[in-house]
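Data first, discussion second: the structure below is written as C-alpha cells.
The values are calculated or read from the model by the stated rules, or taken from the named source; none is laboratory data. Treat the numbers as computed from the prediction; the structure is a model and nothing was measured. Here the Cβ positions follow ideal geometry from the backbone for every residue, glycine too, while neighbour counts run over all protein chains shown. SASA here: full protein model, heavy atoms, side chains in, ligands and nucleic acids out. Shrake-Rupley method; radii C 1.70, N 1.55, O 1.52, S 1.80 Å.
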Amino acid sequence: MVLGAGVGARDAVAQSAFDVAVIRPSSGEVKFEHNGKTVVSYGTLRMHDVTVSTCIQWAYGITRPQIAGPDAIRNVHYDITAKTDPGATKEQMQAMMRTLLSDRFKVAFHVEKRELKVFTMTVAKGGIKMKPSAPGVEMSHENSATGMVAHSISMQELADYLADPLGAPLTDGTGLTGRYDFVIDFTPYVNMEQSDVRPDPVSVLKSALKGDLGLDLVQGKAVVDVTVVDHVEAPSAN
C-alpha cells in the first residue's frame, strides 16, 4: 500500500507541502466539465468542483480511466484553494498536492497492472485541420452543450483530456509536437431525430475528431498501470 504523499526520490522538492490549503464543499458545478476547473497562477492552486479522483489525476499526471476505488473518490465534490511560494513550478505544486491527499484526505493506494481497452490518437488520412497556435498564447479549453473550443493545446494534453469521455486511456500517436487552436462542433455527428437516445460518446468523438480536426482514434487493448485507491476519508478541518 502506498501513501498519497508520493514515492521515490523523484517527488523530493524544496518544499513538500502547501503553506495553506482550504478545502470546502463545492459551491456549484462547472457546466459541461466532469473534472471541474483547475487554475494555477503564481503559487496559488484553485480547484473548483473537483473530486479526490480529479486531485489524483492532477497530482500524478494520470487519467481518470487509470484510477479505481470507492465511490467517494468520484461522487463528492470540493472547492480547494492552496498557496505556496509564487515561484513554485507546476511540478513542485503537484508534489504538494500528493502531500495534501495523504495528510488531509488520508488517501492510500496501490498500483497494479490491468488489461484495458485503450485508444491511440493518430493523424487521419488527408492530414490535420487544426491551426497552429500563435507563440505565447496560454493553453485553454472550454466545453459547451454542442462542442469544444481550444487554444494552444498540445496533442498530449488533448489526449489526456479526451480519455475521460472515452472511458479509456488515450495515447498520443500523432507525432505532432506543436500547439494548436481548434473548434469542434458535435451537432453534425449526432442524430437529432433520436433525442430520447443518449449518443455513444466514442462514436461521436471519433467522427468529430476526424471531421473537424483531421484526427483518428484507433482502438485496441493494452496492459496499463491502474492506481487503486484503498482508503480515503473526508478532509480534515481547515
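Scanning the stretch 201-238 for residues that are open to solvent by 70 Å² or more (accessible area, probe 1.4 Å) and either of a type in the set (S, T, N, Q) or assigned to a helix (DSSP H, G or I) (or both) yields Lys206, Lys210, Gln219, Asn238. Residue count for the stretch 48-62, restricted to those that are under 13 Å from the mean Cα position of the chain (by Cα) and in a strand (DSSP E or B): 1. Taking the listed residues Leu45, Leu100, the one that is touching a Phe, Trp or Tyr at 6+ places or on another chain (Cβ under 8 Å) and part of a helix (DSSP H, G or I) is Leu100, with no other qualifying. The residues of the stretch 15-42 that are open to solvent by 50 Å² or more (accessible area, probe 1.4 Å) and assigned to a loop (DSSP other than H, G, I, E, B), listed by number, are Gln15, Ser16, Asp19, Ser27, Glu29, Lys31, Phe32, His34, Tyr42.
If we keep just the residues of the stretch 76-119 that are of a type in the set (Gly, Ala, Ser) and open to solvent by less than 30 Å² (accessible area, probe 1.4 Å), which is nearest to the chain's Cα centre (by Cα)? Looking at residues that are of a type in the set (Gly, Ala, Ser) and open to solvent by less than 30 Å² (accessible area, probe 1.4 Å), I get Ala95. Looking only at residues in the stretch 164-223 that are in contact with a Phe, Trp or Tyr (Cβ under 9 Å, 6 or more places away or on another chain), without any contact (Cβ under 8 Å) to a residue 40 or more places away in the chain and hydroxyl-bearing (Ser, Thr, Tyr), the one that is nearest to Gly126 (Cα to Cα) is Ser207. Restricting attention to the stretch 135-150, and to residues there that are small (Gly, Ala, Ser) and modelled with pLDDT under 95, which single residue is least open to solvent (accessible area, probe 1.4 Å)? By that ranking, first place goes to Gly147.
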